[in-house]
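To start, the structure under review is shown below, and the notes come after it.
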Amino acid sequence: MNAERLIVSDTGPLITLEKLTDGYRFIRLLYDKIFVPRAVLEELSQGQFTSAGAYLTHYDVGDLFDVVVSPGDLGDLDETEEELLDAGEREAIQVALDRRLPLLIEEEAGRRIAQRLGIPISGIAGQVLKAFRQGIVPAAEAVAKLRQLLQSGRINRKIYEGLIGAVREG
C-alpha cells in the first residue's frame, strides 16, 4: 500500500467528516487506510452507538479504518503537555510517531504537541485544500465543503476566508 495514502486520525477530524455531506466518501479519495487508535474509536462511538462495531457499520468504514492499539508511551512529553491530551489524542500521536505517518488532528494543544514531535498534521479543511490542489475535487466542491465546515462550526471565518482565497487562486 502506498504510504502517501495512509494517515492516522484523532477523534475531531472524524467527527468533522460525519458533518460533511459524503465526508467519508471524500476522505476515501485521498486515503486507502486511516489508522484509528482504539481510544479514538471508543470516543466516536460513545453515546450515539451501542458499540464501536455499530459506528463502523453505520458509516460503512470497516474497510477504511484500521483500528490499532497504541504502541506505548509518549516519553517526550512533560507533565503539563500530558495533561493537555485526552486518551484519543495521546494514542493518535503515538501511532503517528510509531508508523511515521501524518496525523489528522484539530484540537490546538494536540496539534502543537504533534508538531513539536515532528509529526506532519492537518485538519479536514486542510484535506479539502489538498484534494483541490491535487485535482481530486473541483473548486466548486472544495468551496461547498469549506462552507459546510464554517456553517457547522468546525472552522472559523478567518481560516475559511484564507482557504477560499487559496482555492480561488488555484
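Under a Cβ-Cβ cut-off of 12 Å, what is the net charge of the residues other than residue 131 that fall near it, where Lys and Arg count +1 and Asp and Glu count -1? Could the numbers behind the result be given before it?
Working: positive: 25, 28, 130, 133, 145; negative: 141.
Around residue 131, the surrounding residues sum to +4.
Residue-normalised convex hull volume from the C-alpha trace of segment 1-68: 80 Å³ per residue.
Can you give me the Kirkwood hydrodynamic radius for the chain, using every pair of distinct Cα atoms, in Å to one decimal?
Working: mean 1/r = 0.0610 Å⁻¹.
One decimal place: 16.4 Å for the Kirkwood radius.
Could you order peptides 47-54, 31-38 by the average number of other Cβ atoms within 10 Å of their residues, highest first?
Details: 47-54: 11.6, 31-38: 20.4.
So the order, starting with the most tightly packed, is 31-38, 47-54.
Potential lengthening of the chain between residue 4 and residue 28 amounts to 7.4 nm, from the contour at 0.36 nm per residue minus the alpha-carbon distance. Report summary: the helix-based calculation at 222 nm, which adds -39500 (n - 2.57) for every DSSP H run with n ≥ 4 and divides by the residues of the chain, gives -16500 deg cm²/dmol. Of the residues 164, 67, 7, the one whose Cα sits farthest towards the positive end of the charge dipole of the chain is 164 (charges of +1 on Lys and Arg Cβ, -1 on Asp and Glu Cβ, taken about the Cα centre). Only aspartates and glutamates eight or more places from residue 130 in sequence, or on another chain, were considered; those with a Cα closer than 14 Å are 4, 141, 169.
Between residue 108 and residue 156, what is 0.36 nm times their sequence separation minus the Cα-Cα distance? Round to one decimal in nm. If you can, show how the numbers build up before the last one.
Details: separation 48, 0.36 × 48 = 17.28 nm, distance 1.32 nm.
This chain segment gains 16.0 nm when fully extended.
Residue 54 sits among other residues whose Cβ lies under 15 Å from its own Cβ, and their net charge, with Lys and Arg +1 and Asp and Glu -1, is -4.
Quick note: the coordinates plus some simple rules give every number you see, no bench work behind them. Since the structure is predicted, the reported quantities are computational estimates derived from the model, not experimental observations. Here Cβ is always computed from backbone atoms with ideal geometry, including for glycine, and neighbour counts include all displayed protein chains.
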